[in-house]
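The values are calculated or read from the model by the stated rules, or taken from the named source; none is laboratory data. Treat the numbers as computed from the prediction; the structure is a model and nothing was measured. Using ideal geometry, Cβ is built from the backbone for each residue, glycine included, and neighbour counts are taken over all protein chains shown. For the accessible areas, the whole protein counts, side chains as well, though only heavy atoms, and no ligand, DNA or RNA atoms are used. Shrake-Rupley method; radii C 1.70, N 1.55, O 1.52, S 1.80 Å.
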Amino acid sequence: MQIVIIGSGNVAYHMAKSFTLNGISLAQIFGRNEKELNKISEELHIPYSAEQLKDADLYIICVSDTSVEEVSKLITQKNCLVAHTSGSLPKEILAGDYRKASFYPLQTFSKSKDLEYGKIPFFIEAENEEDKKILFKIASEISENVMESSHEKRKYIHLTAVFACNFVNHLFSRAKEISDSQEIPFEYFLPLIDETVQKIHEIEPKMAQTGPAVRNDKRVLQLHEQLLQDESLEIYKTMNHSIQKMYEL
Ligand SMILES: NC(=O)c1ccc[n+]([C@@H]2O[C@H](COP(=O)([O-])OP(=O)(O)OC[C@H]3O[C@@H](n4cnc5c(N)ncnc54)[C@H](OP(=O)(O)O)[C@@H]3O)[C@@H](O)[C@H]2O)c1
């Protein structure tokens, strides 16, 4: 089966790497960013092009959500399967006269960070059983955790991921701003951060909450508010409000 990956960003790189490491050969990596394509091609030994899209049986589009539709029009072939990797777009956003699917890996991908691919949940949606089988087979070569998901469900999977990953990471960035402002090494906080994440493998997040808001310690809450300004102050107040609502304080 001829497989082409489209894109040269974080997901394209990790998809290409996970395919290659698991012995799934790629006919091409295609995109518009020649420099990035060249880097991926050199590392993973996959042919690349920024000009001529190869004919293939399966295309996996890994470009920004806002460009998926536009990029999907570059595939003019009819007898092929095309999947995108977005958590929130329907497969129908793909705009050609081919079979459409979604191939969503639930993980946070950055090129500079190695990943273990074997446990990444993959969510698959396709038009027919045959295509589902093709995508299940490929994803199962990479991961032991492959499931089917409708677009309706996938939207909520992605939304949950935004809270559980993107927002949490943003709070790490805000936390680092505060520690940097006082020249406190952020490394001091890594054991705390690791334990916060490890803990919810064993305890429900709601049971694991600690801190001044859940203790309803008004004196500390007030003191912290005096130390903050702008966005960080707004976030602090919103988070405390949310915690206190959840625990009916
Ligand atoms: N990152 C994650 O953790 C993650 C996880 C699961 C799913 N996803 C999904 O995977 C997809 C790709 O995300 P990503 O994180 O890999 O994005 P990214 O790192 O920002 O890379 C986006 C890629 O899309 C290309 N692109 C954007 N507009 C284009 C256009 N008009 N024509 C051709 N190429 C275009 C970019 O090329 P240039 O370099 O030239 O801009 C780049 O190669 C998205 O649908 C995203 O929702 C992401």
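So, of the residues in the range 50-70 that are open to solvent by less than 20 Å² (accessible area, probe 1.4 Å) and within 14 Å of the ligand (Cβ to nearest atom), which turns out to be farthest from G23 (Cα to Cα)?
The qualifying residue farthest from G23 (Cα to Cα) is V68.
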Candidates S25, S41 - the one that is in contact with a Pro (Cβ under 8 Å, 6 or more places away or on another chain) and more than 11 Å from the ligand (Cβ to nearest atom):
S41
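Checking the condition touching a Cys at 6+ places or on another chain (Cβ under 7 Å) and either of a type outside the set (G, A, S) or over 20 Å from I120 (Cα atoms) (or both), which residue from A50, A56, A12, A95 passes? Break it down stepwise before answering.
Numbers: A50 fails: touching a Cys at 6+ places or on another chain (Cβ under 7 Å); A12 fails: either of a type outside the set (G, A, S) or over 20 Å from I120 (Cα atoms) (or both); A95 fails: touching a Cys at 6+ places or on another chain (Cβ under 7 Å).
Just one listed residue meets the conditions, A56.
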Say we look at the range 118-162 and pick out the residues that are of a type in the set (S, T, Y) and open to solvent by 20 Å² or more (accessible area, probe 1.4 Å); which of these is nearest to the chain's Cα centre (by Cα)?
T160
Considering only the range 72-93, I want to know if a residue exists there that is open to solvent by 90 Å² or more (accessible area, probe 1.4 Å), within 14 Å of the ligand (Cβ to nearest atom) and out of contact with any helix residue (DSSP H, G or I) (no Cβ under 8 Å at 6 or more places or on another chain).
yes
Taking into account only those residues within the range 94-135 that are farther than 13 Å from M15 by Cα and among the acidic types (D, E), which is nearest to the ligand (Cβ to nearest atom)?
E125
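For every residue, the table says whether it meets (1) at pLDDT 95 or above; (2) within 30 Å of N79 (Cβ to Cβ); (3) among the hydrophobic types (A, V, I, L, M, F, W, C).
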site	(1), (2), (3)
S102	yes, yes, no
P105	yes, yes, no
E116	yes, no, no
N145	yes, no, no
L171	yes, no, yes
I178	yes, no, yes
Mind listing whichever residues of the range 179-207 are over 20 Å from I243 (Cα atoms), open to solvent by less than 100 Å² (accessible area, probe 1.4 Å) and not in a helix (DSSP H, G or I)?
I184, P185
